[in-house]
Amino acid sequence: MKRLIAGIGLVLLAMTTTACGTVTGAAVGAGAGAAVGAGTGYGAGKGALIGTGVGAAAGAIYDLSH
């Protein structure tokens, strides 16, 4: 049982480290989207939502390509 739990832990750790670009991209995208949305009058909330999606997609593509 301990080996199974250790294996699951290693898989979760690997998934977390490989998803780092996705999470970072989402965070950067949310911040940039909020700033652009607020600056253009579109709304910071809507800009953050769009930026999060675009940033997460870009981060995932980066993770897959490297």
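A simple spin-label model places pseudo-atoms 7 Å from Cα toward Cβ; at A27 and A57 they are separated by 2.2 nm. The alpha carbons of the stretch 21-66 give a radius of gyration and a Dmax of 10.8, 37 Å, in that order.
Every read-out reported here was derived from the displayed coordinates using simple, explicitly stated rules and does not represent laboratory data. The model shown is predicted, which means the values in this text are computed figures rather than measured ones. Heads up, the Cβs are rebuilt from the backbone with ideal geometry, glycines too, and the neighbour counts pull from every protein chain shown.
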